[in-house]
1. Residue by residue, what Karplus-based ³J(HN,Hα) values in Hz, rounded to whole numbers, does the stretch B:12-28 have, using 6.51, -1.76 and 1.60 with θ = phi - 60° and x for Gly and Pro?
2. What is the Å³ per residue value for the convex hull set by the Cα atoms of the stretch B:198-310?
3. If you line up the long axis of helix A:130-155 against the longest principal axis of chain A, both from Cα atoms, how many degrees apart are they, to the nearest 10?
4. Which ³J(HN,Hα) values in Hz, rounded to whole numbers, follow from the phi angles of the stretch A:65-80 under the Karplus curve 6.51 cos²θ - 1.76 cosθ + 1.60, where θ = phi - 60° and Gly and Pro get x?
5. Give me the inter-chain shielding for A:76-89: mean count of other chain Cβ atoms within 10 Å, whole number please.
6. What is the percent of Cα-Cα separations in the protein assembly as shown that go past 41 Å?
7. Give me the percent relative contact order of chain A, please, defined on Cα pairs under 8 angstrom at least 6 residues apart.
8. Suppose the chain between A:Val187 and A:Thr213 were pulled fully straight at 0.36 nm per residue; how much longer would it get relative to their current alpha carbon spacing?
Amino acid sequence: MFKFNLIRSSRDIFAHLILIAFPVLLIAFFNFIFKGTAIVSEINGTPIPYLTVLTVGFALTFQIYGSSLSFETMGSDFFSPMRDRLLASPCNPRSLIISILTTSMLVSFLQTIVVLLFAKFVLGALLPSLPFVMAVMILSIVFHQLLGSVIMLASGSVKTANIIVSTYGSIAPMLAGLYFPLPDTPVILAVEKYLTPMALGKTAILGILENNTGQALAGTLPLLALTIGLFFLMRPMIGKVTS
Amino acid sequence: MIIHIENVMKRFGNNLALDTFSLDVKKGEVIGLLGPNGAGKTTCIRAIIGLIPIDDGEISVFGIHQDGKNKEIKRRIGYVTQELTIYEEMTAKENLEFFGSLYGMTKEQLATRSLEVAKIIGLEGRMREKTKHFSGGMKRRLNIGCSLMHDPELIIMDEPTVGIDPQSRNFILEFVKQLATKGTTILYTSHYIEEVEAVASNICIMDQGHTIASGTLPELIARIKGDAHMLIDVRIASEEKLKALRAIPEIKEVALENNQYHIIVPGGITIIDKIIAEIADQTIVNINSKQPNLEDVFLTLTGKQLRDEA
């Protein structure tokens, strides 16, 4: 079942093109424009190359869009005639959904790795403390896969989930200051660092890159709490769909 | 008894989908469930499989009470859905193996059985192709094959030939007959009368959620044996004339399809003059009488032509 869903996800070439090629192109594009620019981090004044911020930001942004991997697969299995065929089998439908979620997370993780490796080895992005960075990236992947699935299961519509996720995916990077600098006021700074889960991920990773444990935890712990919350929210929703 | 359904009631809001519906299916029987769209066939099937709860009555499958949770029942049923439920991005082999794996088959069993099933459904040379490149008929065959992987004792086929070419339809009908000779119990639903006539050893005609009649084909035809069936072709038929014909007290039933009136008169054609007088102004092209078939049984019992309803 896991293998089947993994092969199934891997054949969605269009999704891979969007989720790998787009961030890579955007990173390359912005890096070309602002090559050599170093920004001063808002966190504690340690300078971080702009390319690094771009890499982290776009990798996190496209994890939001990557949530469609799981909810679109779930939608095609459980909001279509396929549902009857699957539920007619003795297989536990919960394990089917978990299989879809885990394979989607794995594919999203592999996509993130490709983006990071491209930025590191082709563009020369500095990415120290990579294991910790990857840990936060994984947490962000888990969060967004669960988020998309919860929205889809709650709304009962893949289309609605797509609209909500796409809107969030467009706004979150702006609020996190990825596309353009935001005014340096305390309120905006708080929004930039903590308002969205994507911002939390970015804050955590920038904290790791700066060796600022407090900042890393300030981003990671709320994201972890939100992920756990979504996990518990997901349980009754799966039951509703599969019963 | 493989399936026992007794006085089952199922409502969807104000719509009574199954109305004191009863059905018994014995081992090795091929039962044709015939009815127009909305008759309750799919609801009946979904209730048998345990996909929907019933409001009242009793369903047992393989002698086990169906509460929707019993995995033993599910393990022994193969369900061919009305819509195509295969994964188009995956190959035929991957589809077969996936659906087999849902029934707990091992890797070795999946490999062996997928080859067997591929032969049965005539796709042995196409197993490594993605199904999105298949024709409609091939997809339908694979749709059936996926439900055969675990070698079920009972196969439930919900309109398995919808939207396919005659060649593939014949293939599927032959295949159902072959399965039947091996002793597999089959519940076959369709609104194509000739399909049910071709494959079913017993037929259950249902409409508006309940059984109108059931029995073997000869038994059902015997029920309307005394009736005469006339087919009158006119140049341009009309609903008004249809109503007028229905108003003739000696006429049991009239249906209209493609400028042809199908008129059922009990006890032989004794009122042909009345009928002709009623529709003479529509220019009669042809008049025929015919031996009753299952379609006539359906028309007589329900007052509807099955295909019009579909």
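Bear in mind that the values in this text are calculations on the coordinates, not laboratory data. Since we're looking at a predicted model, the values are computed, not measured. All Cβ positions, even for glycine, are placed from backbone atoms using ideal geometry, and neighbour counts span all protein chains on display.
1. With coefficients 6.51, -1.76 and 1.60, one gets 10, x, 8, 8, 8, 7, 10, 10, 6, 7, 10, 7, 10, 10, 8, 4, x Hz.
2. 112 Å³
3. So the helix axis and the longest Cα principal axis differ by about 40 degrees.
4. With the stated coefficients, the stretch A:65-80 comes to 5, x, 5, 5, 3, 7, 6, 6, 5, 4, x, 6, 8, 10, 10, 7 Hz.
5. Values: counts 2, 2, 0, 0, 2, 6, 6, 3, 12, 14, 3, 7, 16, 15.
Going residue by residue through A:76-89 and averaging, the value is 6.
6. Distances greater than 41 Å cover 42 percent of the Cα pairs.
7. Relative contact order here is 24 percent.
8. Fully extending the segment from A:Val187 to A:Thr213 adds 7.1 nm.
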